[in-house]
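Right, one structure below, let's go through it.
The values are calculated or read from the model by the stated rules, or taken from the named source; none is laboratory data. Values in this document were obtained by computation on a predicted structure and should not be read as measured data. We place every Cβ from the backbone using ideal geometry, glycine too, and count neighbours over all the protein chains shown. All accessible areas refer to the heavy atoms of the entire protein, side chains included, with ligands and DNA or RNA removed. Shrake-Rupley method; radii C 1.70, N 1.55, O 1.52, S 1.80 Å.
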Amino acid sequence: MPHARVAGRPSFRPLLRDLLCIASLSAAIIAGAGGYSARGAAAAQRPASYQDSLVDPLVVRSVNGVLNATLDVTMADLPVMRRDSGKVRTETLPLRAYTLAATTDPAYRPNDPRFTPRFPGPTFRVRPGDLVQIWLRNKLPPPTSPSDSNHVCMTYPASSGSGTAQRDTFQDCFHGPNYTNIHYHGMHVTPDSTSTVVGDDVLMVIAPGDSVLYSFRVPMNQSPGTHWYHPHKHGSVAIQVANGMAGAFIVEEPSGGLDRFTRRHTLREHLIGFQQIDTTLGLLNAGNTALPAAPLVNGQSVPTLYMAPGEMQRWRIVNENVTRNTKTIEFTFEDRPGAEPAVVEVARDGVQFSPANLGADTDTVLQMAAGNRLDLIVHAPPTAGTHHFRVRHNPGSGRRTREPVLPRQTRALRGAQQAANTTYLLFRVVVDPARKGSSTGLPARIPNLASFLAANVPAYPRRNLPPSRNPAVVVFTDTASHTVPHPTQFFLGSARNAFQRFNDTVVFVPSRPGPRGEIPMPMILDSTQSWRVVNHSVNNINHPFHIHINPFQVDSVHAPAGAKDPFYPLYQELRAASRRRSPIWLDVVPLPSPALDDSGKVILNPRTGLPANPGYVFITQRYDSFTGCKDAKCGPPTGHFVMHCHILGHEERGMMQVLEVVRPGQRLSKPSGHGAPRPAARPGRGRAQPQPGHRH
Ligand SMILES: [Cu+2]
């Protein structure tokens with residue numbers, strides 16, 4: 001990370017010691033990290049060797065309050081590293097990829113040699129109050145066959161050239177693989193597009209050949225922290241994210257909180273993005289990758305992260321995976337007990353922990369679902385050594401899910417299933433006395449809670465929203481059939497009407513069951529709502545619940561499977577925080593397993609066929625307006641956005657709903673659909689063409 005640039009910030013007054021430290025850190029980074037800048041024209045994404053140093057993604061910062069960047073999306077042949085029994089081989093695969101094409105960040109020059117397609121995409125860094133101006137140019141090939149268009153079901157394998165093409169005939173089929181857009185995951189910005197602003201509008205479609213200027217201001221009550229971006233065009237989200245289209249979107253805290261701590265102690269930061277790259281998806285099971293592949297770290301296979309003895313670093317981990325078999329990731333340091341680096345969780349999903357939660361969870365298992373972020377302060381031991389950071393998929397389940405597949409995919413998916421319960425070495429941590437780095441005591445307390453919590457939660461220092469006694473009930477349901485004409489189906493609905501699927505022209509209104517049907521609970525701006533989010537998965541899938549625009553606090557977790565639940569350690573952590581009256585804020589939470597019998601099967605209610613004792617989480621959220629954000633670039637804090645399962649194949653199969661936040665007294669409005677014409681962002685520039693409905 002280019003720490004030296006931090007010194008230029010007006011709010012940062014480094015002591016001489018800190019300056020020396022920054023200088024030595026920078027030297028160490030240049031000497032050891034094999035950064036792209038040092039390699040000049042060879043900067044195209046290239047296979048790193050097994051022993052390469054961890055390389056952070058490119059970083060683009062806002063300049064004078066404006067983040068200005070052009071992102072191209074192209075089809076590119078990129079090297080992807082795979083490991084077979086410890087050996088690394090590199091395959092060149094055709095992937096949809098982001099290219100940073102231009103920026104006003106002075107760290108780059110025009111036609112910079114680093115402007116090449118790569119995964120993950122660049123890391124953007126902004127501050128509350130900044131204007132975001134990202135011009136997204138969709139340079140993917142235009143449809144050459146009906147199967148590439150946005151209103152016809154896709155044919156697979158789309159481009160790998162292997163085997164006979166198969167048509168996706170299942171519900172909410174994958175469609176429009178080269179149509180795209182951007183979701184700013186974790187950002188509290190307008191979900192709308194108007195004549196003056198284009199915000200986190202995931203119903204917008206950017207056709208091949210079109211471009212859009214995302215243009216919005218980050219309000220002051222945005223949570224500073226580790227967020228990310230990825231495509232969210234319904235029908236092609238999973239394939240594009242599986243191709244590697246994702247990157248970090250970091251909001252810095254200018255004066256307080258965690259960032260003040262890391263700046264004051266000049267801690268070196270690493271962005272650590274996990275991805276499982278593939279060219280195709282399983283059709284029947286909605287998103288399992290067809291090839292077994294260990295997750296890559298910033299596009300590298302088992303890189304080495306160097307630390308000085310006693311050095312403290314901040315790691316920002318982003319789970320950019322899409323697939324079912326990486327739905328649960330747990331991280332464990334494995335070394336001599338007591339000799340491994342000490343790890344303190346300091347934030348989840350870009351919301352800093354309240355001081356009561358810092359260091360409270362001493363479990364060495366750190367769990368993340370797809371879409372989650374985790375910030376860690378890592379303290380190296382005082383002695384030289386090598387440590388291993390491993391990831392385990394589907395921890396705890398101890399058995400393979402039966403996943404029937406289409407004939408052509410059988411062999412590959414068998415491999416994926418075998419990988420499902422495998423432990424992978426992700427990266428090594430080498431504590432090297434030849435390196436220098438900052439060290440300080442572990443943060444028992446970080447002064448100044450981030451402005452997000454201070455601004456949002458008036459009851460400081462209690463820091464929790466008042467949960468309601470009458471929660472809305474939101475239900476995730478899947479079906480047991482796994483046969484070709486009747487694949488597993490995925491629903492997101494209400495207590496009385498669970499079997500609902502995504503409809504891009506209908507607003508889903510949260511509701512609670514009443515004596516005479518359901519009582520609607522419209523989402524009113526600046527109001528607080530509690531939800532019970534229930535998991536009716538008969539397949540025992542921990543569907544990760546994600547909602548856009550506003551994060552939520554987790555008040556309680558009902559996990560009837562107990563220690564048999566793959567996410568048991570995470571639920572223990574969430575419960576303990578809530579008991580400390582400092583609930584943890586998230587924007588993705590994996591839903592708990594239903595009650596299981598001794599053989600690990602879901603206990604079903606014989607009358608309904610649904611889980612007899614489903615797991616659920618109880619959450620509270622506020623539909624906040626924007627504070628300190630007044631100009632036209634803020635856009636309306638109301639509008640349409642979505643909630644969905646973050647196993648992206650499930651989302652594409654319909655496990656998603658459109659929501660709307662309205663002003664008091666305002667009526668709900670019909671969403672325009674994800675193929676409908678949208679207002680032009682920039683006069684004279686092409687926008688998505690109107691598409692016929694994609695129902696088939
Ligand atoms: Cu799901």
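Laid out as a table, the results:
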item: Histogram of C-alpha separations across the range 591-660, 5 Å bin width, %; result: 3, 11, 12, 14, 17, 14, 9, 6, 4, 4, 3, 1
item: Residue (of 545, 604, 479) at the positive-pole extreme of the range 464-662, dipole from beta-carbon charges; result: 604
item: Residue pairs, from the table 233/564; 630/670; 87/139, whose Cα atoms sit over 30 Å apart; result: 233/564; 87/139
item: Distance between the range 517-550 and the range 65-116 - C-alpha centres, whole angstrom; result: 36 Å
item: Estimated dipole of the range 464-662 in Debye, rounded to 20 [Cβ of Lys and Arg +1, of Asp and Glu -1, Cα centre]; result: 520 debye
item: Radius ratio Rg over Rh of the range 139-279, counting only Cα atoms, Kirkwood formula for Rh; result: 1.07
item: Chymotrypsin sites (Phe, Trp or Tyr not before Pro) lying in DSSP loop within the range 578-623, provided at most 10 other Cβ fall within 10 Å; result: none
item: Hits among aspartates and glutamates - C-alpha to C-alpha of residue 436 under 20 Å, sequence gap 8 or more where chains match; result: 18, 52, 56, 269, 311, 340
item: Inter-part distance where the range 598-622 and the range 230-251 are each reduced to a Cα centre, Å; result: 30 Å
item: Local electrostatic count at residue 490 - Lys and Arg +1, Asp and Glu -1, tallied over other residues with Cβ under 10 Å; result: -2
item: Estimated FRET transfer efficiency when R0 is 60 angstrom, pair residue 605-residue 104 (beta carbons, to 0.05); result: 0.50
item: For residue 663, distant residues with modelled amide H under 5 Å away; result: 525
item: Accessible carbon and sulfur surface of the range 464-662 relative to its total accessible area, %, 1.4 Å; result: 53 percent
item: Volume of the Cα convex hull of the range 478-569, divided per residue and given in Å³; result: 163 Å³
item: Difference of contour (0.36 nm per residue) and Cα-Cα distance, residue 167 to residue 630; result: 161.8 nm
item: Label-to-label distance, nm, for residues given as residue 195 and residue 581 (7 Å Cα→Cβ offset); result: 5.1 nm
item: Spherically averaged projected area in nm², based on the convex hull that wraps the Cα atoms of the range 566-615; result: 4.6 nm²
item: Theoretical gain in end-to-end length, residue 524 to residue 509 [0.36 nm per residue, Cα-Cα removed]; result: 4.3 nm
item: Computed label-point distance, nm, for sites residue 516 and residue 667 using a 7 Å Cα→Cβ extension; result: 2.3 nm
item: 18 Å cut-off, amide nitrogen to a point 7 angstrom out along residue 612 Cα→Cβ, residues in the range 555-572; result: 559-565
item: Amide proton proximity set for residue 54, modelled H, under 5 Å, gap of 5+; result: 304, 305, 306
